[in-house]
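Visitor: Just dropping this structure here.
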Amino acid sequence: MSVINFEFRNEVLKHNASLSYCYQCSTCSGGCPVALLTSGKYNPRKIIEEAILGLQDKLVERQDPNPWLCSTCQKCVELCPQKVELTEIFTLIKNRCFEKNKYPEAFYSQGHSVFENSIAIPYSNAIITRRKTLGLPEIKTAPVDEIKTLLRTTNFEKNILEGIK
Ligand code: SF4
Ligand code: SF4
């Protein structure tokens with residue numbers, strides 16, 4: 001059984017008041033590519049419903065539906081007739097999941113890779129060779145030192161990378 005957590009609901013509302021505009025029409029779920037690929041198991045409308053109801057245990061503890069599956073493509077935000085800012089709301093939910101160490105390992109490794117290589121998913125030698133064969137230009141990445149300075153200044157390294165080791 002799910003428990004209503006009013007504090008959590010108010011926190012989401014404070015973070016993004018557009019949550020209260022949702023009238024559960026399901027347009028977001030109907031246009032969501034991840035909902036399509038998962039045969040509706042991933043359902044953005046349901047995440048919004050659970051946030052409105054303050055069901056923190058379902059959203060954060062059980063991750064049902066799993067907010068990490070959102071690809072942040074923003075299609076739902078574009079389609080929503082009520083201008084609900086779904087992905088902003090999902091960010092807060094994912095932050096709460098992260099604080100409880102409930103996050104996919106890939107997100108940590110990608111964050112680490114951004115810090116070390118200034119790119120989330122470094123290109124393999126096979127990809128680089130294939131690009132050369134195809135005559136594609138060399139891939140340019142952002143300067144690593146500048147990225148490191150930025151991530152240190154914003155405490156990303158301290159709070160995120162070191163904080164969860
Ligand atoms: S499209 Fe907008 S109003 Fe409709 S269910 Fe989704 S978030 Fe709610
Ligand atoms: S932003 Fe996320 S929830 Fe919205 S349509 Fe894209 S994958 Fe689906």
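The values are calculated or read from the model by the stated rules, or taken from the named source; none is laboratory data. Computed from a predicted model, the values in this text were never measured in an experiment. All Cβ positions, even for glycine, are placed from backbone atoms using ideal geometry, and neighbour counts span all protein chains on display. The area values use the complete protein model at the heavy-atom level, side chains included, leaving out ligands, DNA and RNA. Shrake-Rupley method; radii C 1.70, N 1.55, O 1.52, S 1.80 Å.
Visitor: Can you work out which of the residues in region 12-49 that are touching a residue at least 40 places away in the same chain (Cβ under 8 Å) and away from ligand 1 (no atom under 14 Å from the Cβ) is farthest from ILE89 (Cα to Cα)?
Guide: Ranking the qualifying residues of region 12-49, first place goes to PRO33.
Visitor: Which residue is nearest to ligand 2 (Cβ to nearest atom), if the candidates are limited to region 6-17 and must be open to solvent by 60 Å² or more (accessible area, probe 1.4 Å) and under 20 Å from TRP68 (Cα atoms)? Talk me through it step by step, then tell me what you get.
Guide: Filtering region 6-17 for residues open to solvent by 60 Å² or more (accessible area, probe 1.4 Å) gives 6-7, 9-11, 14-15.
So of that shortlist, the ones also under 20 Å from TRP68 (Cα atoms) come out as 9, 11, 15.
Working: ARG9: 20, GLU11: 20, HIS15: 17 Å.
Of everything passing the filter in region 6-17, HIS15 is nearest to ligand 2 (Cβ to nearest atom).
Visitor: While we're here: So THR91 ticks every box in (1) within 16 Å of ligand 2 (Cβ to nearest atom); (2) in contact (Cβ under 8 Å) with a residue 60 or more places away in the chain but one. Which box is left unticked?
Guide: Looking at each condition in turn, THR91 falls short on (2).
Visitor: Next question. Where in region 18-119 are there helices (runs of 4 or more DSSP H), lying fully within it, with 3 or more residues that are within 30 Å of THR154 (Cβ to Cβ) and open to solvent by 40 Å² or more (accessible area, probe 1.4 Å)?
Guide: In region 18-119, 75-79, 86-99, 105-117 are the helices (runs of 4 or more DSSP H) which contain 3 or more residues that are within 30 Å of THR154 (Cβ to Cβ) and open to solvent by 40 Å² or more (accessible area, probe 1.4 Å).
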